[in-house]
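The values are calculated or read from the model by the stated rules, or taken from the named source; none is laboratory data. Please read these numbers as outputs of a predicted model, since none were measured by experiment. Cβ sites come from the backbone with ideal geometry, for glycine too, and all protein chains shown count toward neighbours.
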Amino acid sequence: MASRDRRAPSVPTTEEEPVSTTTDTIVADVRGLTKHYAGVQALTDADVTIHTGEVRALLGRNGAGKSTLIRLLAGVETPDAGAVRIAGEQLDGGVRRAAELGVETVHQELSLVPQLTVAENMFLGAWPRSGGRVDYAQMARSAREVLHELGLAIDVHTTVGQLSIAEQQLVEICRAVRRSPRLLILDEPTSALAAGEVAVVLRTVRRIAETGVAVIYVSHRLDEIRQVATSATVMRDGRVVETVDLEDVSTARVVELMLGDAAQEQRRPDLRPIDRTAEPLLSVRDLVVAPKVEDVGFDVYAGEVLGLAGLMGSGRSETLRAVAGFDPIGAGEVHVAGRRVGSVTARGMKRLGIGMTPEDRKSSAIVPLLGVDENLVLADYRQVSSGPTISWNRLRQAARGLIDRLSISTARSSTPIVNLSGGNQQKAVIGRWLHAGSRVLLLDEPTRGVDVQAKDEIYRLIRQLADEGAAVVFVSGELEELPLVCDRVVVMRHGRVAGELTGDEITTDAVVAAAMTTD
């Protein structure tokens with residue numbers, strides 16, 4: 001097994017009192033760290049100090065600078081100014097140097113090989129050898145030692161593809177621990193997990209810290225953070241705002257530090273009243289989508305933009321996909337215009353006037369090399385066909401009408417959609433469902449990857465569609481967007497509805513607090 005000499009001894013397993021391994025030894029010392037990309041200042045003069053055995057939460061909105069700080073700590077990138085020291089030695093040689101100094105990172109996206117066993121994945125790229133061959137027996141013994149040390153009962157001979165997502169996440173963490181890190185960086189380790197699986201990961205992280213490893217724990221879930229971390233560094237707009245002791249700070253104060261002036265943003269004043277005495281265009285009741293969604297219900301009315309808020313892993317996207325018929329529903333009911341849908345399928349929901357734009361526009365929404373015109377009519381060729389044959393004149397005429405209506409910026413309707421900006425691509429994806437006559441639009445992250453001006457155009461488009469009588473469900477991980485466009489917001493947490501905000505209640509700080517904290 002790899003040497004464990006970088007860390008303090010494991011927590012005793014006898015009846016003796018466990019010895020605290022948290023000391024004043026500095027593991028990571030960041031001073032004046034600065035980084036910019038193509039004119040964007042991603043990090044400015046950041047100072048962070050982390051000690052042995054400490055679990056430090058790293059908090060901040062999207063774009064706050066967390067990912068940049070992590071990449072610099074892991075040696076993936078080089079700072080423009082400032083320095084990183086690990087155990088007193090300067091980090092100046094990239095990823096390999098960071099690993100030599102004891103920095104290990106577990107990224108949000110798993111990097112396991114499903115066809116290989118747990119043991120093989122834990123030793124991937126460093127399989128022990130004996131006599132010129134892989135020593136599978138030694139590999140299995142060493143893997144068991146790590147799992148046993150962390151109190152995990154996972155069979156090292158099981159192929160990773162047979163494990164649950166939670167177990168795979170634990171194997172990923174164990175692979176990093178096997179390398180005996182001084183500093184372990186965990187980037188959103190529970191974002192893909194169901195609520196019942198999170199506790200196992202948190203317990204494992206605490207156990208790792210008890211062995212003397214310093215842990216940086218990135219998460220948006222404040223209730224989770226309080227269970228695992230002792231302190232939190234809050235970032236905003238590329239700067240370290242403050243490092244706080246979690247025992248001495250309120251959740252409201254943490255949210256205030258994260259948001260800054262954004263907490264004072266006002267809703268758009270031109271939202272018109274919604275007639276909620278009428279039949280909802282879409283009703284969802286007691287929805288269950290294993291393993292992420294449990295007992296979710298909401299209504300959305302004609303002329304309304306309903307925000308579906310929640311952090312990554314809250315179940316918001318899974319809810320939309322199930323309602324649109326792309327994923328199977330385990331239990332619950334869906335009603336469209338007052339009528340229950342017996343079998344919720346993608347084809348059936350489209351016929352009933354439900355359209356959905358997926359969160360990953362590039363891989364799931366556009367056909368890159370087809371023209372804007374062809375992308376606009378993909379959801380319904382009937383209107384541009386004469387019998388079994390597409391009428392190109394009708395297609396171009398329909399496309400031109402949508403391009404003008406949605407203000408899509410393109411030289412020609414036939415321009416390949418991949419040549420358009422992200423904002424114009426997104427408007428075309430929404431336009432596809434207008435062409436299909438959808439009355440209910442399920443928009444999953446419609447402003448992801450677009451610039452500020454394009455975001456504002458999409459907000460205006462969504463409000464315009466609602467004013468014309470559509471019902472819109474708007475999902476966004478950038479919670480500060482929701483007050484700018486929504487009439488009502490349903491907040492999801494751990495796969496359940498955690499609350500609802502209406503009218504003047506919909507402010508950025510209220511949405512963030514509801515999404516990040518427990519009742």
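Scanning region 483-495 for residues that are over 18 Å from Ile462 (Cα atoms) and at pLDDT below 90 returns Arg493, His494, Gly495.
Here the condition is being touching an Asp or Glu at 6+ places or on another chain (Cβ under 7 Å), under 30 Å from Thr44 (Cα atoms), of a type outside the set (Asp, Glu) and surrounded by 23 or more Cβ atoms within 10 Å (Cβ to Cβ); of Val234, Val228, Val240, it holds for Val234 alone.
When Asp404, Asp456, Asp444, Asp467 are checked against the criterion of being acidic (Asp, Glu) and assigned by TED's automatic domain parsing to the domain that holds Leu378, Asp404 stands alone in meeting it.
Which of the residues that make up region 274-289 are on the phi < 0 side of the Ramachandran plot, touching a Gly at 6+ places or on another chain (Cβ under 9 Å) and either of a type outside the set (Gly, Ala, Ser) or not assigned by TED's automatic domain parsing to the domain that holds Gly330 (or both)?
As a first pass, look at region 274-289 and keep what is on the phi < 0 side of the Ramachandran plot: 274-285, 287-289.
The next check asks that each one be touching a Gly at 6+ places or on another chain (Cβ under 9 Å); those that pass are 274-275, 279-281, 283-285, 287-289.
Within region 274-289, Ile274, Asp275, Glu279, Pro280, Leu281, Val284, Arg285, Leu287, Val288, Val289 qualify.
For region 81-106, taking the residues that are among the β-branched types (Val, Ile, Thr) and either under 27 Å from the mean Cα position of the chain (by Cα) or part of a loop (DSSP other than H, G, I, E, B) (or both), the one that is farthest from Glu54 (Cα to Cα) is identified as Val95. Among the residues making up region 431-455, those that are of a type in the set (D, E, K, R) and touching a Ser or Thr at 6+ places or on another chain (Cβ under 9 Å) are Arg432, Asp444, Glu445, Arg448, Asp451, Lys455.
Go through region 321-335 and count every residue that is surrounded by fewer than 24 Cβ atoms within 10 Å (Cβ to Cβ) and outside any loop (DSSP other than H, G, I, E, B). Count: 6. Condition check for Glu109 on (1) closer than 28 Å to Ala74 by Cα; (2) touching a residue at least 40 places away in the same chain (Cβ under 8 Å); (3) in a loop (DSSP other than H, G, I, E, B): one failure, at (2). Return yes or no: is Glu145 part of a helix (DSSP H, G or I), surrounded by 17 or more Cβ atoms within 10 Å (Cβ to Cβ), not assigned by TED's automatic domain parsing to the domain that holds Ala498 and not small (Gly, Ala, Ser)? No. Would you mind stating whether Glu500 is modelled with pLDDT under 90 and of a type in the set (D, E, K, R)? Judged against the criteria, Glu500 is not a match. May I ask you to verify whether Ala140 is surrounded by fewer than 16 Cβ atoms within 10 Å (Cβ to Cβ) and either assigned by TED's automatic domain parsing to the domain that holds Val201 or free of Cβ contacts under 8 Å to residues at least 24 places away in the same chain (or both)? So Ala140 fails the test.
Could you say whether any residue in region 467-481 is out of contact with any helix residue (DSSP H, G or I) (no Cβ under 8 Å at 6 or more places or on another chain), modelled with pLDDT under 90 and of a type in the set (D, E, K, R)?
There is at least one residue in region 467-481 that is out of contact with any helix residue (DSSP H, G or I) (no Cβ under 8 Å at 6 or more places or on another chain), modelled with pLDDT under 90 and of a type in the set (D, E, K, R).
Against the list (1) among the acidic types (Asp, Glu); (2) at pLDDT 90 or above; (3) assigned by TED's automatic domain parsing to the domain that holds Val244; (4) within 19 Å of the chain's Cα centre (by Cα), the condition Glu188 fails is (2).
Only residues that are among the polar types (S, T, N, Q) and farther than 16 Å from Arg382 by Cα were counted in region 393-408, giving 1.
Scanning region 284-317 for residues that are surrounded by fewer than 21 Cβ atoms within 10 Å (Cβ to Cβ), in contact (Cβ under 8 Å) with a residue 24 or more places away in the chain, outside any loop (DSSP other than H, G, I, E, B) and not hydrophobic (A, V, I, L, M, F, W, C) gives Arg285, Asp286, Asp295, Gly297. If you go through region 306-321 and keep only what is charged (D, E, K, R) and within 11 Å of the chain's Cα centre (by Cα), you end up with just Arg316.
Does Glu279 fit the bill of being modelled with pLDDT under 80 and either touching a Pro at 6+ places or on another chain (Cβ under 6 Å) or not polar (S, T, N, Q) (or both)? No.
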